[in-house]
Amino acid sequence: MRVRAVIIFLTTGFIILSSGLVNLQVIQHKKLKEFSDRNCIRLIPQQGCRGKILDRNNKIIVDNSISYDLLLIPQRGLSVEASLSKIAKILGTDYAKLKSTYKQGYIAPFVPITIAANITTHQAIALEELKSDIPDILVQPHPLRRYPYGTLASQVIGHLGEIDHWRLSKLADYGYQTKDVVGFGGIEEKYDYYLRYKEGALSVEVDHRGRFIRTIGFKPPQDGKDISLTLDLGMQKIAESAMAGRRGSVIIMDASDGGILVMASSPNYNPSVFIEKDRSRISSIFNNPNAPLLNRAISANYPPASVFKSIVSAAALETNKINLSTSYLCTGSTKIGNRSFACWDIHGKQDIFDAIAQSCDIFFYKTGLLLGPDIIHDYAVKFGLSRLTNIDLPYEVGGFVPSRTWRKIVKLRNWFDGDTANFSIGQGELMVTPLQITRVTGVFATNGLILYPHIIKAVNGKPVYVVPKKPSRISLKASTLNTIRQGLRKAVSDSKGTAGNLASAPVAVAGKTGTAQVPKGMSHGWFAGFFPFDKPKYIICVMLENGGSGHAAAMVTDEIISAIYKENIL
Amino acid sequence: MKNSRLIIIAVALLICAIGVMSIYSSTYQKEGRIWQDIYKRQIIWMALGVIFFFLLSNFNYRKLWDATYPLYVFAIFLLFLVFMLGLTRMGAQRWLKLFWFNFQPSEFAKLVMVIFLARYYSTKSSFDVGLSAARLNLMKGFVLPLLLTFIPVGLIIEQPDLGSGVMVLLVFMAVVFISGVKFRYIGSFLGIGIACMPILWHYLRGYQKERLMVFLNPNIDPLGAGYTVIQSKIAIGSGGIFGKGWLSGTQGQLRFLPEAHTDFIFATFAEEWGLLGCAVLLFLYYLIISEGIRIGMRTNDAFAKLLAFGISMMLGLQVLVNIAMNLGLAPVVGVPLLLMSYGGSSVFVTFIALGILANIDKQRSVF
């Protein structure tokens, strides 16, 4: 009887073992197999190169330099001293120094130690050849963003940094991970998805102590795509040197398609500071009261002042409130309501041409009052103000055009004639960005087209816009456009014109100055124009923050255009 | 009967061959000749074991009856000797160095205790021909043999070698059970034993407590005591139905699995040969153990009966406990897997035990 119990006991034992085996090897197999793989397979990420940023002629604006790091794996028990002395010979460094670096870096036998960072290509090749003697060395390429022109177009380019929480939460679905390096601002941010490389990986088998056994597979990294911009490197350089020491921005736009040739914002910064991770220099950029990170061409709102007068002119001519023979007498000031509104000068008798050329405030006060704020508002919007130009750069702001309704609802105040007068000369609550003004000027340069400003030309050599975005046409009479063009030209060519200093420019320029009074500090200076006058090819907008006057802006414009023609870039 | 001897030696050699293959697989990637050569040492022990198998199978087991008490004393003497002169390895003093090899007296003591208990319980009463065990009183039938068992058990546990000690106790229980000692004695012993658990707990060493705790939940210490169990389960499970192939098991080869050539050789084997290989191996073990039980049932000699059952149980329990431990179904106690784990003493003693089994069947036909 008891023997039988023993047999049953043993048999039951074997059945339990068998079912245990089935449980592990069949039911839990998948999970445990995964654990087993995870135990012994390590993925070593392989970095690729971020895409280059090129100008319109494929000249490099930003690229990558390959730096090589030399690593040594201490594990295999080969003589470290012998290896180090051989390495020291190739690098031409002191053996003792390498030894101390090695000792300081030592963590565990299987963790590679960086013996030397940023070694030259020659040294890297020589060390690679040494690999047959010392299998423990590892030469790792390490691409780094390189900014050959330093601060050039820094706000347009943007800089690189480790992804932050906010960006990660938005981009996690696109395969972004913590610790990824992404663009901040400018092209680097907007086109990060194209520029970023796809990480490759080396899968290796390791033993229980993480020691390398063999390579199982390799997936090479994919370099990011190169992006060609519409920027012209030479012109950009000229504009930036003209702006050196000032605050403000310069935009030059191609009148044929809206491509941005120059977008300079001053002051600027050196994006390589963020690569070097120099904390004190990074914080000095962030704490700079002049906000060098701000792209003033698209991300800052300013009152347009007199450059707005061309829109008022267009509205008045279009609605027949004035005609070519309408003229007003400028005596230096006029009374609107019970307040006196001054002109910046005494101009005498002014028709539309003179008023644009000499920027007579009295003429526009009176014209504006004839128009009324609603029409001015409508035309301002028609010219693209108060909405984004949708340029392919991040952080664009849209400006603001006030209206009577807005005043009533938001400000709970009535609109007075004095407000209309201020509105007519581009002061008051009206706000624009330099890019919007560039586009407005483009309407007169192109005979009525609202251009699509853009800065990307091609990705990896392929044009981004397969079907070019068609500019939209503003319905304006040819005579209206022509009149204003004449006025803009007269501002330069007439001896009394506000941009008279540009008369001596190597090309016929037309344009409008603007001097915006600001509550604090010196006035902002504007110049928005186009050239050559007969067949406009380029639209230029110079904006000087607290630069004093429109005249100063016209001076900068002269400097830029002269330099461009002198260097024969066009 | 020649037949059973043939079955036993054939199956034992098959298991040994599987064992040598697995030892080779688990060690051939290690640095150093000593590691890479240990499968050769195992073969030497195996050969020695086979020689002793044939010697013992031709050596009348009845002579063991006479030699029981000297053997018992000798085993205890050897265990004491371990304390005096033993080699200390991995924190345990278990080995005696004899000439060129190391010997583990606890393995020898296991077998001796089976012989000792078989003789003790097969003493015939003068009144009738049956076994007297069932009529023995508490003192003679249980307490005395228990105390006599506790002498070697205590010495073994003190080495410390909890696995072998517990093994001897289990074999004692098995022999007592088969010999027909009254249930109430066994029952009350178990009851007292369980009641004493909290006190015994205090006498366990830190790592032994840890192992028991880890058995209950391996995840409480995944890098320490639980590591082995987790890695063993991963090794066995990742093998799947067909296994990863000989010399291709990553767990064993890359040393994620500790003790891959000794206590956890089953996991090494299971990883490389899968469920199919394991089924074959389990079948072989079942074959050899059931052969032992059948020999016990065939013989008429009471001593031989108990001896055969005792040996079969000793072998069977070792197999069950070791594999259960590999599967995470039993706490990690150091019990080698019969004929497969690397370790000369175990292989050698197992072959001797199998030789005794074969001889019992041979002598049957003589009577």
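So, of the residues in the range A:401-421 that are closer than 17 Å to A:Ala315 by Cα and free of Cβ contacts under 8 Å to residues at least 40 places away in the same chain, which turns out to be nearest to the chain's Cα centre (by Cα)?
As a first pass, look at the range A:401-421 and keep what is closer than 17 Å to A:Ala315 by Cα: A:401-403, A:420-421.
From what's left, free of Cβ contacts under 8 Å to residues at least 40 places away in the same chain: A:401-403.
Values: A:Val401: 25, A:Pro402: 29, A:Ser403: 32 Å.
Selected residue: A:Val401.
Yes or no: B:Gly224 at pLDDT below 90 and surrounded by 22 or more Cβ atoms within 10 Å (Cβ to Cβ)?
no
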In the range A:399-426, the residues that are in a loop (DSSP other than H, G, I, E, B) and crowded, with 22+ Cβ neighbours inside 10 Å: A:Gly399, A:Val401, A:Pro402, A:Ile425, A:Gly426
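Looking at this structure, is B:Arg298 within 12 Å of chain A (Cβ to nearest Cβ) and on the phi > 0 side of the Ramachandran plot? Explain how you work it out, then say what you get.
On the way: within 12 Å of chain A (Cβ to nearest Cβ): yes; on the phi > 0 side of the Ramachandran plot: no.
No; evaluated as a whole, the condition is false for this residue.
Filter the range A:1-22 down to the residues that are under 30 Å from A:His208 (Cα atoms) and more than 9 Å from chain B (Cβ to nearest Cβ) and list them by number. Steps first, please.
Of the residues in the range A:1-22, the ones under 30 Å from A:His208 (Cα atoms) are A:17-22.
Scanning the range A:1-22 gives a single hit, A:Ser19.
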Set B:Leu200, B:Leu162: member being surrounded by 18 or more Cβ atoms within 10 Å (Cβ to Cβ) and more than 10 Å from every other protein chain (Cβ to nearest Cβ): B:Leu162
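This table checks each residue for (1) under 30 Å from A:Asn39 (Cα atoms); (2) surrounded by fewer than 17 Cβ atoms within 10 Å (Cβ to Cβ); (3) in contact (Cβ under 8 Å) with a residue 40 or more places away in the chain.
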site: B:Met167; (1), (2), (3): no, no, yes
site: B:Tyr185; (1), (2), (3): no, no, yes
site: B:Ile192; (1), (2), (3): no, yes, no
site: B:Gln231; (1), (2), (3): yes, no, no
site: B:Ile236; (1), (2), (3): yes, no, yes
site: B:Trp246; (1), (2), (3): yes, yes, yes
Matching residues, the range B:275-284, being surrounded by fewer than 24 Cβ atoms within 10 Å (Cβ to Cβ) and at the interface with chain A (Cβ under 8 Å from one of its Cβ atoms): B:Leu275, B:Ala279, B:Leu282
Criterion violated by A:Asp534 - all others in (1) over 29 Å from the mean Cα position of the chain (by Cα); (2) of a type in the set (D, E, K, R); (3) in a helix (DSSP H, G or I) satisfied: (3)
Which listed residue is buried (at least 24 other Cβ atoms within 10 Å of the Cβ) and farther than 24 Å from A:Thr367 by Cβ, from A:Leu430, A:Leu435: A:Leu435
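Determine which member of the set A:Glu199, A:Glu188 is surrounded by 19 or more Cβ atoms within 10 Å (Cβ to Cβ), on the phi < 0 side of the Ramachandran plot and away from every other protein chain (no Cβ under 11 Å). Quick ask: steps written out before the conclusion?
Numbers: A:Glu199 fails: surrounded by 19 or more Cβ atoms within 10 Å (Cβ to Cβ).
The match here is A:Glu188.
A quick yes/no check of all residues on (1) crowded, with 24+ Cβ neighbours inside 10 Å; (2) among the polar types (S, T, N, Q); (3) not in a loop (DSSP other than H, G, I, E, B):
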{"site": "A:Asn447", "(1), (2), (3)": "no, yes, no"}
{"site": "A:Lys457", "(1), (2), (3)": "no, no, yes"}
{"site": "A:Val507", "(1), (2), (3)": "no, no, no"}
{"site": "A:Gly511", "(1), (2), (3)": "yes, no, yes"}
From B:Ser290, B:Ser312, residue being at the interface with another protein chain (Cβ under 10 Å from one of its Cβ atoms), of a type in the set (Ser, Thr, Tyr) and within 15 Å of the chain's Cα centre (by Cα): B:Ser312
Residue within the range A:468-485 that is touching a Gly at 6+ places or on another chain (Cβ under 8 Å), surrounded by 18 or more Cβ atoms within 10 Å (Cβ to Cβ) and not hydrophobic (A, V, I, L, M, F, W, C) present: yes
Residue under evaluation A:Lys496, criteria (1) in contact with a helix residue (DSSP H, G or I) (Cβ under 6 Å, 6 or more places away or on another chain); (2) modelled with pLDDT under 95; (3) buried (at least 16 other Cβ atoms within 10 Å of the Cβ), criterion not met: (3)
Filtered residues of the range A:23-45 (kept if facing chain B (nearest Cβ under 7 Å) and within 15 Å of B:Ile236 (Cβ to Cβ)): A:Leu24, A:Gln25, A:Val26, A:Gln28, A:His29, A:Leu32, A:Lys33, A:Phe35, A:Ser36, A:Asn39
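Does B:Ala304 qualify as being more than 17 Å from A:Phe14 (Cα to Cα), more than 10 Å from every other protein chain (Cβ to nearest Cβ) and in contact with a Leu (Cβ under 8 Å, 6 or more places away or on another chain)?
Numbers: more than 17 Å from A:Phe14 (Cα to Cα): yes; more than 10 Å from every other protein chain (Cβ to nearest Cβ): yes; in contact with a Leu (Cβ under 8 Å, 6 or more places away or on another chain): no.
No.
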Leading residue by the ranking (surrounded by the fewest Cβ atoms within 10 Å (Cβ to Cβ)) among those in the range A:327-349 that are assigned to a loop (DSSP other than H, G, I, E, B) and in contact with a helix residue (DSSP H, G or I) (Cβ under 7 Å, 6 or more places away or on another chain): A:Gly337
Positions within the range B:236-252 being facing another protein chain (nearest Cβ under 7 Å) and part of a helix (DSSP H, G or I), in sequence order: B:Ile236, B:Gly237, B:Ser238, B:Gly239, B:Thr250, B:Gln251
The lone exception for B:Ala267 - which of (1) in contact (Cβ under 8 Å) with a residue 12 or more places away in the chain; (2) in a helix (DSSP H, G or I); (3) closer than 27 Å to B:Phe177 by Cβ it fails: (3)
Matching entry among A:Asp374, A:Asp351, A:Asp345 (being of a type in the set (Asp, Glu) and touching an Asp or Glu at 6+ places or on another chain (Cβ under 9 Å)): A:Asp345
Output for the range B:315-355, where each listed residue is surrounded by fewer than 24 Cβ atoms within 10 Å (Cβ to Cβ), assigned to a helix (DSSP H, G or I) and more than 12 Å from the chain's Cα centre (by Cα): B:Ala324, B:Gly344, B:Ile352
Test: residue in the range A:520-529 that is assigned by TED's automatic domain parsing to the domain that holds A:Val432, exposed (fewer than 15 other Cβ atoms within 10 Å of the Cβ) and part of a loop (DSSP other than H, G, I, E, B): yes
Boolean, B:Thr268 is under 20 Å from the mean Cα position of the chain (by Cα), more than 9 Å from chain A (Cβ to nearest Cβ) and of a type in the set (Ser, Thr, Tyr): yes
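The values are calculated or read from the model by the stated rules, or taken from the named source; none is laboratory data. Just so we're clear, the structure is a prediction, and the values are computed from it rather than from any experiment. Cβ: placed from backbone, ideal geometry, glycine included. Neighbour counts: every protein chain shown.
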